[in-house]
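Just so it is clear, none of the values below were taken in a lab; they were calculated from the coordinates. Everything quoted here is computed from the prediction, not taken from an experiment. Cβ sites come from the backbone with ideal geometry, for glycine too, and all protein chains shown count toward neighbours.
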Protein chains: 2
Amino acid sequence: MTVEGLSINLATVRQQWDMRQAVEACLTQGIRAIAPWRDQVAKIGLDEAARIVAANDLKVTGLCRGGMFPAADAEGRAAAIDDNKRAIDEACALRADCLVLVVGGLPQGSRDIVHAREMVADGIAAILPHARAAGMPLAIEPLHPMYAADRACVNTLAQALDICDLLGEGVGVAVDVYHVWWDPDLARQIARAGASGRILAHHICDWLVPTKDLLLDRGMMGDGVIDLKGIRRMIEAAGFLGHQEVEIFSSENWWKRPGEEVLTTCIERFHTVC
Amino acid sequence: MTVEGLSINLATVRQQWDMRQAVEACLTQGIRAIAPWRDQVAKIGLDEAARIVAANDLKVTGLCRGGMFPAADAEGRAAAIDDNKRAIDEACALRADCLVLVVGGLPQGSRDIVHAREMVADGIAAILPHARAAGMPLAIEPLHPMYAADRACVNTLAQALDICDLLGEGVGVAVDVYHVWWDPDLARQIARAGASGRILAHHICDWLVPTKDLLLDRGMMGDGVIDLKGIRRMIEAAGFLGHQEVEIFSSENWWKRPGEEVLTTCIERFHTVC
């Protein structure tokens, strides 16, 4: 039996399995779509990762991740651009739907978030010709404002879409419910993203109450307070009918359970609460 | 010597001192403005707290806090409204500049943040006549989006100002840098708040990298990444020249140090980085 419409971001089982093992376990449970991270790909080698994708005809809903554009000096920014071009090539080799961009936060010692945001737009502009030539869409993922300093200074869909409008074709957004569920402007910005064909990915998990860690305490769908069905309705109404990709970082819970149990739970929750 | 323009929110030294002790220590260091919490007032009694304020001619930059409007049933919402009316009366007794509102998050079991936000607007509307009659301004404090579920579903200045526009006179905003520093729309919304005379308070602390706890790891001004001088310039340009109120919750650092050291550091940083 195939589980249609569900993708597993392999960070969800990164403590249990490498990419090869994770794919095998997904296929056993009927999951035919994944989103790997670059370190997981590197660990088994890009050629082998691409072979696994092709041999199993896997859907790759995204490669995580490019981005991290701001840097304290020109060398740092150039290095980030080079690395992003390599990430685009890797995404192509894996036949990914998009390269997910976590754009980066403040350079060490900086308090200038406006400048960091300029460096992000400049960085994406610099890699966009390479991405367009390769036919690889870039998905800006706005991250929750609690990551503004150290991970991503693009923190709302509105902000990500403004960058898309500025840069034109070849760039869109990844809508991760964890990052955007609180946004008072969410419905309007999802509609805006859909109207311009910019929705490239839909990531799911849940926001736990209480949340015990800023990074590694994401919840399984249904265990928190996010209106997952409501947000999915907005996204589908906006024209995106692609996969829902489960991305859970959970150092004290899901990363400690058997991977099979994690996948089984993802499938069950996908059918009942998403 | 008097430290002009600096106020100490007494949560900053809540583990060290009660209100009486905190006021004495503030006066010793030349600080003549404070913002107490209701539990601190209750502990020594409202009459005694009011006597301390009057006897020392203290500036009270705000009383923390009213709010917490959403509830699962009508009884809960009515109880919150009653409690907020008492808070208004207490703020009057303390001659506070405003009653700070932390509006509340999702009721237990709810995933409907849109409805929670409606309950907030309804709750403020319900207490506003009482506040107006008492001459006590209500300061909606938008809280960082990481508190949307459990503390405040008003998470941006834009959202708070929309509520102000809806409700008219007698309500404004408390601008706490910790909650709003990341907002891509910050400059525009501060200007908007100032243009309508809605800025009632300016709270300061800093955002640490890394932040180890969602609630109790706020930084001393200068120890984090917030552009405190830049935000102050925006606020003054918008017409608010009132006190900067230090509000630091810090279970593992500042709450463990001698209170005198905390105040000395606040004064030094206020002069150098704010």
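Here are a few things to note about the model shown:
- As an equivalent ellipsoid, the protein assembly as shown spans semi-axes of 45, 25, 21 angstrom, where each value is the square root of five times an eigenvalue of the C-alpha gyration tensor, largest first.
- Applying both filters, DSSP loop and at most 16 other Cβ atoms within 10 Å, to the GluC sites (Glu not before Pro) of the stretch A:1-77 gives A:4.
- Straight-line reach from residue B:212: taking Cα to Cα under 29 Å and skipping same-chain neighbours fewer than 8 places apart, the lysines in range are A:212, A:256, B:229, B:256.
- Hydrodynamic radius by Kirkwood, which averages 1/r over all alpha carbon pairs of the stretch A:51-164, in angstrom: 14.3
- Kirkwood Rh and Cα Rg combined as Rg/Rh, the stretch A:231-274: 1.07
- Of all DSSP beta bridges in the stretch A:133-235, antiparallel share, percent nearest 5: 10
- Span from the the stretch A:38-80 Cα centroid across to the the stretch A:240-274 one, whole angstrom: 22
- Rg over Rh [alpha-carbon atoms, Kirkwood Rh] for chain A: 0.94
- Beta bridges by DSSP in the protein assembly as shown, antiparallel share as percent, to the nearest 5: 5
- Average Cα contact separation per residue, the stretch A:33-102, under 8 Å, 6 or more apart, as relative contact order %: 40
- Relative counts (whole %) of C-alpha pair distances in the stretch A:117-274, using bins that are 10 Å wide: 11, 38, 34, 16, 1
- Cα extents of the stretch B:184-254 along the three principal axes, largest first (Å): 39, 23, 18
- Local electrostatic count at residue B:123 - Lys and Arg +1, Asp and Glu -1, tallied over other residues with Cβ under 13 Å: -1
- Contact order relative to length of the stretch A:160-232, as percent, for alpha carbon pairs under 8 angstrom and 6 or more apart: 31
- At 1.306 mPa s and 10 °C, Stokes D of the stretch A:1-107 from Kirkwood alpha-carbon radius, µm² per second: 110
- Segments A:252-262, A:205-215, B:12-22 sorted - mean Cβ within 10 Å per residue, highest first: B:12-22, A:205-215, A:252-262
- Sum of side-chain charges, residue B:29 neighbourhood, beta-carbon under 14 Å (Lys, Arg +1; Asp, Glu -1): -3
- Annotation: Cα Rg of the stretch A:99-184 relative to the compact-globule expectation 2.2 N^0.38 Å equals 1.05.
- Normalised alpha carbon radius of gyration of the stretch A:141-230 [divisor 2.2 N^0.38 Å]: 1.09
- Proximal aspartates and glutamates to residue A:43, defined as alpha-carbon separation beneath 12 angstrom and excluding residues fewer than eight positions away on the same chain: A:18
- Chain B: antiparallel DSSP beta bridges as a percent of all, rounded to 5: 5
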